[in-house]
Amino acid sequence: MLGQIRPAIVSLALFTILTGLAYPLIVTGIAQGLFPSQANGSLMIGNGKVIGSVLIGQPFDDPKYFWGRLSATTPFAYNAAASSGSNLGPTNEALSKTVQSRVDALRAADPGNEAPIPVDLVTASASGLDPHISAAAALYQVRRVARTRGLDKDTIRRLVEQHTEDRQFAILGEPRVNVLNLNLALDALK
Amino acid sequence: MTTNGYIQLGLYMVVLIALTKPLGAYMARVYEGRPFGLDRVLGPLERLIYRVSGVRADEEMGWQTYAWAMMLFNLAGFVAVYALQRLQGMLPLNPQGFGAVSSDSSFNTAVSFATNTNWQGYAGETTMSYLTQMLGLTVQNFLSAAAGMAVLVALIRGLARRSAQTIGNFWVDLTRSTIYILLPLSLVLAVALVSQGVVQTFGPYAKVSVVQPTTYDEPVTDADGKPALDEKGQPKTKRSVLMEQMLAVGPAASQIAIKQLGTNGGGFFNVNSAHPFENPTPLSNFLELLAILLIPAALCYTFGVMVKDTRQGWAVLAAMTIMFVGLLVVCVVAEQSGNPLLAKIGVDQRASELQAGGNMEGKDVRFGIVNSALWATATTAASNGSVNAMHDSFTPIGGLVPMWMMQLGEVVYGGVGSGLYGMLIFAIVAVFVAGLMVGRTPEYLGKKIEAYEMKMASLVILIPPAVVLVGTAVAVVTAGGKATIFNPGAHGFSEALYAFSSAGNNNGSAFAGLGANTPFYNVALGLAMLFARYWLAIPTLAIAGSLARKKIVPAGAGTLPTHTPLFVALLVGVVILVGALTFIPALALGPIVEYLLMVSST
C-alpha cells in the first residue's frame, strides 16, 4: 500500500506540468497565432482607442440610444470585472418591482407608446453583460430613438434590420441585435 | 415550443448519439490496450510518466489497492489546490494581485475540484489568480474526470472477467484517460471555442471607454476599506460617473474545454458559461453543450465493447436517453410559457419570429429559452454543473427539472465514468428486483448478484439522498444555513435543497442567489461532496472486486435478458421510483408549492 504514495505524488506533479502548464500554453500559442482578436476579447478600436468589446454589453440609459438588457452586476450595471445575474426567483416581489420600474422608465421615455414590452427588455440577463437584445426589443425602441434624435422612423427601423443577426447557420441560437454596434451605427448616421 | 426549438433539440440529440459509437469504440481500444493510432505518437509520453513515477504498468491491482491509489491521488490533488489558493498572493501569474483565498473557501474549492463536483463557491474573476486557475483548477478538471473514468473501467472489468483477482491498474487507467482521451479532445475543443471568441490570454484585464457615460451609486468605503454606513445603518453611496469598463480576461478557453468535457463545470468567470467570454455564440454554446454529454454517452458503447455485447451498452444508453428527453421537454415548455406575474405588468412573453419570449430573467438573448433549458437539463443530467442561465430565476417547474435530475443520482448520462458506474449499480438493483419477482437468484451479464453486491449497491443508492436530505434539513433549521438564503418563501427552501442536491451528487450547479461562500456552506457542502464521491466510488470498486472473482453462469431459461426494451423499461422504472419516493416530499415544499402559489396569484 505504501508503494502507491510515490506514484500519487510524482504523477500529480507530472500531470500538473502537462495539463496545467503545457496544455494552456499550447492552446494560448495556437489561439494567439490563429485568432488573435478573439483570444484577446474581440476588442473594437475607434479613433485610436479601445471603445469596447463586441461581445460585452455596455450600459445605455440615454433616450437617444437603444437600451440593452437589465444588468444585475454591482456596483454598476455591465461591470465586466464582476459578472453576475440577479438570481431573483420568479415569485420574488423584488423581481416584479424591478420589472415594473423598467416598464415605467421605458413608458416615461416614450409617452403614448402603450404596446406590450418585449420580455428581454425588462429582465436581467444571466451574465449581466449580455450584448444583445431581441429584434422585438429593438423595434419597440425605434419610435423613441427616432423622436429624440429628430430622425425619420423608417431610417432607424432600417438600421435595426441591418443589425439584426439571424440564427447561426439559420438554426442555432436566437435572432438578435448587438446593442453596442447598433448605437455606434446610430452615432455614425449624423 | 416553436418549430425551430424542436429542430435545435433534435439536432443536438442526433449529433450526440451519432458520436457515441466512434468515440466509444476508440475509448474501448484505449482501455483494452489495443492499437488506436494516438498511442504511436504519445506512447513515449505515457511510458515516461510510468518510469518517472515508479509505476509498473503490467502489474494489476486488487480492488482495495485500486481504491487506495485513487484516494491517495485525490488527497494529493486536494492538498495542492488548497495550498495554491492560500499562497497565490506570493506566487507568479497573478496580474490582478489577488490575495490568499479564505481557508473555508479554499477547503470547499479543493474538495470540490478533487471530487469532480466543481461547485463554484467563489467568483473566478475576482478571487483566483491565473496560476491558481491553471495549476489548481484546470489540472483537477482533468484528473478528477480521469479518476471517475478509471473507477468505471475497473467496474466494467469486474463484470467482464471471470475468476480474476485483479481489476486493472489505477495509474494506467488514469494516465490513459488523461493523455489519450481528455487532452486531445480538450485541445480541439479549446481552439474551436477561441475561434468563436472565448478569450485565451495571459494579459491583464482590458480597460475600454464606454460609449455613453452613465451615473451610478458608488459604495463609499472608510479608511480601512470597509463599507461606510450612514445614520440609518445603510451603506453610504455617492453619485459617480462610469467612464470606462474593465473587461476580465484570462486563459479561459483551455479551462472551459476540459470543464465541459470532464463534466466538471467550475467556470473561469463567476457566471460560468453565461459569460460572453466563456460562451460567446450559439455555435460555442452547441459545442460546449455537446461536450457535456459526449463522453458519458460514449462510455455506454465502450462498456458494451468491453463486456463483448454492445447491445448491453445500447440498452443502458436508451434508458438514459428516455429519461433525458422526457425531462428536457418539461423544462423547455415550463420556461417557454413564461412568468404569469410579469404578464400582468404588460410584458410580452410570446415567442415569435422577433423574440424568444418566455421567462427571460437570468437568460442571455443569444441562447434564448431553448438553449438555456437544454443546457440546464444536460448539465444536471451529467454531473457537469456549468450553467449558461441562472437556474435560480427559472420558473418553479423549470427549476424542478434540473434539481430532480441531480436527485436521480446523476445517472442519466451522469459524470464521466461516475454516471455509468452509478447506472450499472441501478442495473444491478433492477435485476435484483426482477429476481425477487420471479424467485430466482438475480444475475447481470452472467454474474450472480448476491448479498454482498446488494449491500454495496444499497450504499451507493442510499448515501446521496441521505446526504441531501439531512444537509438540507440542517441548513433550514440553523442560523448559519438560513442567513444567506436570498429569495423569500418556498423558493428560499429550494435554494438550500438545490445546494445540497448539487453537492450531494457531485454536480456543482447552484440556485446561485444562495450566498454559499460562508463558513457554514463551505464546510457543510464540502463534507457532502466528500461523502457523495468516495462512499460511492469505494463500494463500486468493492462490487468490481467481488464480481471479478465470480465465474460466469451460462444464461438459462430463467435469465432476464438485459438488452431488451423490457429491461430498459425496468431500469428506467427503478431509477424514477427511487428518485420519486425519496424526493417528492422535499420537492413539494419547494418548487411545487411555489408553482401553486404562482398560478393561484394570477
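Pairing each residue of region B:42-57 that is more than 7 Å from every other protein chain (Cβ to nearest Cβ) with any residue that is among the charged types (D, E, K, R) and outside any helix (DSSP H, G or I), provided the two are 6+ apart or on different chains, yields C-beta distances under 9 Å for B:Y50/B:R56.
Are any residues in region B:364-383 within 7 Å of chain A (Cβ to nearest Cβ) and in contact (Cβ under 8 Å) with a residue 60 or more places away in the chain, and if so, which ones? The answer is B:D364, B:R366, B:F367, B:N371. If you go through region A:85-103 and pick out every residue that is in contact (Cβ under 8 Å) with a residue 24 or more places away in the chain and more than 7 Å from chain B (Cβ to nearest Cβ), you end up with 2. Out of the residues in region A:104-122 meeting the condition of being out of contact with any Leu (no Cβ under 9 Å at 6 or more places or on another chain) and at the interface with chain B (Cβ under 7 Å from one of its Cβ atoms), tell me which one is surrounded by the most Cβ atoms within 10 Å (Cβ to Cβ). Going through the qualifying residues, I end up with A:D120. Test A:R102 against the stated conditions and say whether it is among the charged types (D, E, K, R) and either touching a Ser or Thr at 6+ places or on another chain (Cβ under 6 Å) or over 16 Å from A:V145 (Cα atoms) (or both). So A:R102 fits the description; yes. Residues in region B:91-120 that are buried (at least 24 other Cβ atoms within 10 Å of the Cβ) and not in a helix (DSSP H, G or I) were compared, and the one that is farthest from the other protein chains (Cβ to nearest Cβ) is B:T117. Figure legend. Inter-residue proximity from region A:157-186: first residues closer than 22 Å to B:G357 by Cβ, second residues in a loop (DSSP other than H, G, I, E, B) and hydroxyl-bearing (S, T, Y), beta-carbon distance below 8 Å, spacing 6+ or different chains. Indicated pairs: A:Q168/B:T281; A:G173/B:T281; A:E174/A:S134; A:P175/A:S134; A:R176/A:S134; A:V177/A:S134. Take B:A146 and tell me if it is at pLDDT 95 or above, surrounded by 24 or more Cβ atoms within 10 Å (Cβ to Cβ) and in contact with an Asp or Glu (Cβ under 7 Å, 6 or more places away or on another chain). In short, no. Taken as a whole, the structure leaves A:A72 outside the set of residues that are part of a loop (DSSP other than H, G, I, E, B), of a type outside the set (F, W, Y), surrounded by fewer than 24 Cβ atoms within 10 Å (Cβ to Cβ) and touching a strand residue (DSSP E or B) at 6+ places or on another chain (Cβ under 8 Å). Checking each residue in region B:158-198 for being in contact with a strand residue (DSSP E or B) (Cβ under 8 Å, 6 or more places away or on another chain) and either facing chain A (nearest Cβ under 8 Å) or surrounded by fewer than 23 Cβ atoms within 10 Å (Cβ to Cβ) (or both) picks out B:A190, B:V194. Taken as a whole, the condition of being at the interface with another protein chain (Cβ under 9 Å from one of its Cβ atoms) and surrounded by fewer than 20 Cβ atoms within 10 Å (Cβ to Cβ) does not apply to A:V177.
All of B:A389, B:A343, B:A318 fail the test of being surrounded by 23 or more Cβ atoms within 10 Å (Cβ to Cβ) and in contact (Cβ under 8 Å) with a residue 12 or more places away in the chain, apart from B:A389. Being modelled with pLDDT of 95 or more and among the hydroxyl-bearing types (S, T, Y) holds for only one residue in B:T65, B:T115, and it is B:T65.
The values are calculated or read from the model by the stated rules, or taken from the named source; none is laboratory data. Keep in mind the model is a prediction, meaning the values are calculated, not measured. So basically every Cβ, Gly included, is an ideal-geometry build from the backbone, and we count neighbours across all protein chains shown.
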